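What follows is calculated from the coordinates using simple rules that are stated; it is not laboratory data. Quick caveat: nothing in here was measured; it's all calculated off a predicted structure. All Cβ positions, even for glycine, are placed from backbone atoms using ideal geometry, and neighbour counts span all protein chains on display.
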Amino acid sequence: MTKPTHKTLTCDVLIVGGGPAGLATAQTLAPHAKTIVIHQDREIGKPVRTSGGTWVEDMEALGVPSHLYQQIDEILFRSDNRKVRQHLERRKCAVLDITGTYQWLAGLAHEAGADIYTDTKFLHTVETDDGFISEIRSRSIDATRIESQFIIDASGTPHAVLADLGLVDKPDRVGVGIEHEFEIKSADKNRAVLFVGQAVKSGYGWIFPAPNNHIRIGVGIIQPVSNLSPRDIYNAVVTPEFLESYGLELGPPVQVNAGIIPSVPYDPKLVFGNVIRVGDTANFATPTVGEGIRIAIKFGRILGERLSETLTQGCRSPLVRYELECRKALKRNYGFGFTANERIATYDADDWDKSLDRLARLDEDEVVSLVKSEFTLSMMIKAVGKQVRHKLFG
Ligand SMILES: Cc1cc2nc3c(=O)[nH]c(=O)nc-3n(C[C@H](O)[C@H](O)[C@H](O)COP(=O)(O)OP(=O)(O)OC[C@H]3O[C@@H](n4cnc5c(N)ncnc54)[C@H](O)[C@@H]3O)c2cc1C
């Protein structure tokens with residue numbers, strides 16, 4: 001990458017945030033428009049702020065190479081007094097090598113022609129007649145300003161651009177998680193665990209075997225529903241007895257990963273004039289388990305295509321289509337999922353035991369749909385029926 005010497009850079013589209021959403025957008029946009037991605041961290045994919053659980057079917061559809069994920073054949077769901085094993089015959093889970101995957105995405109964006117500047121933070125923008133003049137602070141380039149016609153806010157939870165322009169409020173309800181990554185001495189590398197109940201009130205914990213003989217153990221909670229710290233919960237939960245109960249022998253610690261994700265209702269408004277949002281800034285992560293990587297990549301690529309069409313055709317209708325495509329795929333499921341999220345955030349141990357009893361009656365497709373927030377009509381009818389019965393008969 002050549003180091004620009006001008007104080008002001010110019011481009012068609014400035015993408016703020018080099019996470020999966022920003023990088024995927026750059027991949028499909030850069031062949032058609034001069035694209036700059038700025039990313040505040042020193043490296044793409046480091047530090048890790050996510051746990052990387054996803055699905056083999058989606059990784060294959062998105063073309064993610066298989067060496068970047070660990071395949072999972074079984075999910076063990078555990079509450080205080082119940083265990084439910086779901087063998088995954090056809091619809092396997094996967095756990096990503098996050099740094100490797102995000103750097104692979106950056107490689108695709110770079111090959112497509114995008115300039116990616118790390119250690120470069122978006123500070124502030126001003127709208128002009130021709131677009132935007134954005135102030136940046138960078139340790140990797142000399143520039144202090146970037147002029148662009150469009151800005152994509154792919155900054156995740158900070159909503160850096162939208163908040164700066166006063167276009168949306170930052171989320172007041174968030175998922176906060178911490179995870180410790182270790183080398184594995186001994187573990188079932190094809191089994192993921194999701195645990196719920198008293199110890200992780202308003203959230204859940206996970207054990208994810210990852211590529212490179214690593215394992216991630218973490219907890220996440222919803223704030224302000226809970227005012228506890230995930231770190232304290234992790235320390236209280238992950239004891240030698242806990243590890244023994246899952247047959248885990250850990251090797252040396254690798255790193256600690258921590259992150260924050262919006263946990264608010266899906267808002268279909270994605271286009272604000274020439275500022276567009278994607279990924280966590282657009283609340284694309286699933287309301288059930290907060291899984292957002294595959295969705296950020298998929299709709300990031302779609303946004304890149306639609307914005308290319310807008311720029312080459314000189315009309316805004318492709319951007320309207322971007323909003324509609326996202327709305328069609330997400331709005332109904334996420335509305336339903338968010339209602340479920342609000343309910344389960346208040347569950348006690350008994351509620352979770354009953355919930356796992358219901359889970360045990362579902363088949364593989366239904367369990368996968370539930371975790372992915374892809375609800376079938378019959379699942380919705382059953383859930384609404386249950387709520388009505390609860391209201392009528394207590
Ligand atoms: C604890 C936790 C566990 C999770 N587990 C999973 C999981 O198992 N599976 C899954 O699919 N999803 C998971 N998620 C969600 C997933 O991480 C997100 O949905 C996904 O990262 C969204 O991608 P993004 O590109 O929109 O945002 P991000 O990944 O947040 O990327 C945005 C980037 O923008 C950068 N940035 C922010 N502000 C600025 C600025 N001012 N200037 C320049 N750069 C800036 C940030 O440094 C950041 O790296 C988890 C989230 C958390 C918090």
Review point. Kirkwood hydrodynamic radius for the stretch 316-362: how many Å is it when counted over pairs of different Cα atoms?
Key: 13.1
Exercise for review: Beyond 19 Å between alpha-carbons counts as too far, so tell me which of 185/372; 170/298; 83/201 fall in that bin.
Suggested key: 185/372; 170/298
Study note, to complete from the structure: One would report the antiparallel percent of DSSP beta bridges in the chain, rounded to the nearest 5, as 70
**Study point:** Two-site FRET efficiency, residue 213 against residue 236, from Cβ-Cβ distance with R₀ of 22 Å, rounded to 0.05
**Key:** 0.20
Point to revise | For the stretch 58-183, radius of gyration divided by Kirkwood radius, i.e. Rg to Rh on alpha-carbons | key: 1.08
Review point. Could you give the dipole magnitude of the stretch 114-238 about its Cα centre, charging the beta-carbon of Lys and Arg +1 and that of Asp and Glu -1, in debye to the nearest 20?
Key: 920
Study note, to complete from the structure: Placing +1 on each Lys and Arg Cβ and -1 on each Asp and Glu Cβ in the chain, then taking the dipole about the Cα centre, the residue among 289, 131, 81 whose Cα reaches farthest towards the positive end is 81
Study note, to complete from the structure: Computed over the chain, the relative contact order (Cα-Cα under 8 Å, seq sep at least six) in percent reads 21
Check your understanding: Can you list the trypsin sites (Lys or Arg not before Pro) in the stretch 1-63 that are in a DSSP coil and have 13 or fewer other beta carbons within 10 angstrom?
Key -> 7, 42
Study note, to complete from the structure: Helix 377-393: inclination vs the chain longest Cα principal axis, degrees, rounded to 10, gives 60
Practice item. Enter the per residue convex hull volume of the chain, computed from alpha-carbon coordinates, in Å³ rounded to the nearest integer. Key: 141
Study note, to complete from the structure: Once residue 85 and residue 127 are pulled to full extension, the length gained, defined as 0.36 nm per residue separation minus their Cα-Cα distance, is 9.7 nm
Exercise for review: Nearest 5 is fine: what % of DSSP beta bridges in the stretch 48-163 come out antiparallel, could you say?
Suggested key: 100
Check your understanding: Using alpha carbons only, what's the Rg to Rh ratio of the stretch 130-194 with Rh from Kirkwood?
Key -> 1.21
Check your understanding: So which trypsin sites (Lys or Arg not before Pro) in the stretch 329-364 pass both tests, a DSSP loop state and at most 15 other Cβ atoms within 10 Å of the Cβ?
Key -> 361
Review point. Picking from 64, 161, 219, which is most flexible by a Gaussian network model of the chain using Cα springs under 10 Å?
Key: 64
Check your understanding: Using unit Cβ charges (K, R positive; D, E negative) and no other charged atoms, how large, in debye to the nearest 20, is the dipole of the chain about its Cα centre?
Key -> 680
**Study point:** Nearest 10 degrees, 0 to 90: helix 20-29 Cα axis against the chain principal axis
**Key:** 40
Study note, to complete from the structure: Hydrodynamic radius by Kirkwood for the stretch 120-234, inverse mean 1/r across distinct Cα pairs, in Å, is 17.6
Exercise for review: Mind giving me the FRET efficiency for residue 186 and residue 353? R0 is 22 Å, r the Cβ-Cβ distance, nearest 0.05 is fine.
Suggested key: 0.15
Point to revise | Centroid-to-centroid separation of the stretch 250-298 and the stretch 114-170 [C-alpha atoms, Å] | key: 19
Review point. Quick one: helix 98-111 against the long Cα principal axis of the chain, what's the angle to the nearest 10°, folded into 0 to 90?
Key: 30
Revision key, fill the gap. When 110, 124 are ranked with the fewest other C-beta atoms within 10 Å first, the list becomes 124, 110
Check your understanding: In nm, to one decimal, how far is the residue 142 label point from the residue 342 one, both placed 7 Å along Cα→Cβ?
Key -> 5.4
**Study point:** Segment residue 74-residue 8, length gained on full extension (0.36 nm per residue, minus Cα span)
**Key:** 18.6 nm
